[in-house]
Each structure stands twice: as structure tokens, then as C-alpha cells.
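What follows is a set of notes on a single structure, which appears directly below.
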Amino acid sequence: MINRRRAGFSFAEIVVAIAVFAMLAIPLYQSLHGVQTDTRKSINYFRAMELADEAIEYVRLLPVDHEFKQKAEGFSGSMLIEQSDDSFSAAKIAVGDNPRYRDFLVSDIQYSEQYNPACFYRTVEVADLSGASYAGLLKKVVVTVYWDNASARNNLHDLSRKTNKVVLATLITDWEKQP
């Protein structure tokens, strides 16, 4: 009599192998998903910082005159522009949705489409400083960039729906008016 061994796996061995694989794969998948989410959050944070810094740099280029506040606050607006077909396109660089700056900045350059999913919205506020002899020479500029996920596209200008924000502030000096 010849004793033959059967080659292959039993059903129980296959079930155990699948169970072990599932126990290892599910936590690995959850870990990778968490890393992807954290990376997306970090990217949006750095893009918001870049948009805030960009606004401050453009405001520094403005002459400090009687229209300074109006011109500086013109950098406020959404980084998305709603099209007539309910789609969105990226705004022009440093213009936001304010038409006053289309003449000031020579730019046909748009923000990258990579900015679109977070629905960034930027506000620029200018305040006069008071209390010191040199206060008339300084302007406080505060740039706030809000963002949220694509569900905020229903109303680009509703800041109450935007859950994240970055705030940068600086002082602008008017050296020409110095006594």
C-alpha cells in the first residue's frame, strides 16, 4: 500500500490565514488613512499661511496714503470664483474676488487648482495705531485666511461654515511722513 499525502490547504487553514491577514491589514489601512488625513490638513495649513503671507507682501507694496486702507482690504475675498455653469475656477493671483485690483496687479496668473478643495477665503483688516507720538506713522494689518472642505462651496462667503483659520499680523510704516 502506498501512503499518499494530500497536497494543498484545508478549509480551516485558509480561514485562519484570511483572519490573520485581516487582523493585520485593517489597522494598517486605518494608519495609512490617518496619515493621509493629517497630510491633507498640513498642506491646507501651509497653503493658508502662504496666502496670508502673500497678502501681507502685496500690502507692503502699497503707498501709505488716504486710500491705503481701502486698497489693502481689497485683497480680501474668496480664492475661488463661481462660474455661470455652477463650477468653480481658481481666482487670479492676489486679486481674490475684488475687481478693484485687476488694474493694480498685472496678472493673468491664477492660483493652482490645488487650492480649490479647501475653499480658502482671505480677509485683510487695516487699523490705525494710537497712543504714541509715532502712532500716526504705523498701520496694523491683520490677514486672516479661512478654509474648509469642499462642502463649503455652497456659499463661498459664509465664514461661519469655515472651520479652520490662520491669522498673520504686521505693522506697516509710513516713513515718508516721518517728522
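The values are calculated or read from the model by the stated rules, or taken from the named source; none is laboratory data. Worth saying up front: this structure is predicted, and the values here are computed from it rather than measured. Virtual Cβ from ideal backbone geometry, glycine too; neighbours counted across all protein chains shown.
Please list, ordered by first then second residue, the pairs with beta carbon atoms under 7 Å, 6 or more apart or interchain, first in region 40-69 and over 16 Å from residue 144 (Cβ atoms), second among the aliphatic types (A, V, I, L, M) and assigned to a helix (DSSP H, G or I).
62/72
I'm trying to understand the selection: among the residues of region 43-62, which are of a type in the set (Ser, Thr, Tyr) and at pLDDT below 90?
58
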